[in-house]
Ligand SMILES: [Zn+2]
């Protein structure tokens, strides 16, 4: 979080505001944000924004050399700002020279017409900003996962089956598939009617093809929806869960397809919301310690409800 559709929405909003504009400077207030030392921050000031695009889950600003840049010929290659918002990082569009908020403020990018604020909720400082000189340095930041939208079913199958993982893990691993996290993996697997804990190497051909089509459709639909919203105003309410979602963030609510209560599994930093009727043939996925206790009875079935009440328990996806 934010995932592809959220990032596409930010990019849509940013293009209309800062594309072609000169970046006057960056005020970095969090010592954890900037992860590179060369090129220095000063090297980006005064450069014009030539492009804004997505690289996996990063928002990338392409900055051209400006006539006013003192660095000379060596700086005539484009310089890229690559911003990763991680879980809790957010962007805000404010008036020119707006102050960086004391609470959660990480940095401000100053443009003639406004200020792009980067904030991060909570106490963990995970959001990162890299400054890369040239396309090669930028490409090194790509974790290498497949961009599902526009990919061929064969490439998708290859990425998915290269290692054996649960579908939930494969969909949220940026080295396997690009730009997908907790929310859209839940939505994709629900629409594809597949268990989040099904192993990728046992998927049938038909399941792989269905999953590829579903993943492309879900990501495209959501990106279009959020981009359209972004055209009406800067995306200030970027949240992992939206009321239009089928299962993600809807623990306990009825599945929109079949009416069964949506279940949730929490493990490590991750969570998984799914519909037992649509996705796991009625099985309720329990955690590993519980499975040890239940042995042969695990996973419990929806129709005999032998598991303790409250389904909010952890499960190691392996
Ligand atoms: Zn259902």
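The values are calculated or read from the model by the stated rules, or taken from the named source; none is laboratory data. Since this is a predicted model, take the numbers as computed values, not measurements. Quick reminder, even Gly has a Cβ in these numbers, built from the backbone with ideal geometry, and neighbours come from all protein chains shown.
For every residue, the table says whether it meets (1) farther than 18 Å from residue 172 by Cβ; (2) more than 18 Å from the chain's Cα centre (by Cα).
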| residue | (1), (2) |
| --- | --- |
| 223 | no, no |
| 233 | yes, yes |
| 237 | yes, no |
| 255 | yes, yes |
| 273 | no, no |
| 276 | yes, yes |
I'd like to check something: does the stretch 207-215 contain any residue that is closer than 12 Å to residue 148 by Cα, within 16 Å of the ligand (Cβ to nearest atom), over 15 Å from the mean Cα position of the chain (by Cα) and surrounded by 14 or more Cβ atoms within 10 Å (Cβ to Cβ)?
yes
With the requirement that a residue be surrounded by 20 or more Cβ atoms within 10 Å (Cβ to Cβ) and more than 15 Å from the ligand (Cβ to nearest atom), what does the stretch 252-270 give you?
265
Any residue that is within 16 Å of the ligand (Cβ to nearest atom), surrounded by fewer than 21 Cβ atoms within 10 Å (Cβ to Cβ), within 26 Å of residue 84 (Cβ to Cβ) and touching a residue at least 60 places away in the same chain (Cβ under 8 Å) - is there at least one of those in the stretch 158-176?
no
Note on the stretch 217-251: residues within 13 Å of the ligand (Cβ to nearest atom) and over 25 Å from residue 156 (Cβ atoms) are 250
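Let's see how each residue does on (1) assigned to a helix (DSSP H, G or I); (2) modelled with pLDDT of 90 or more:
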| residue | (1), (2) |
| --- | --- |
| 227 | yes, yes |
| 241 | no, no |
| 248 | no, yes |
| 252 | no, yes |
| 278 | yes, yes |
| 289 | yes, no |
| 295 | yes, no |
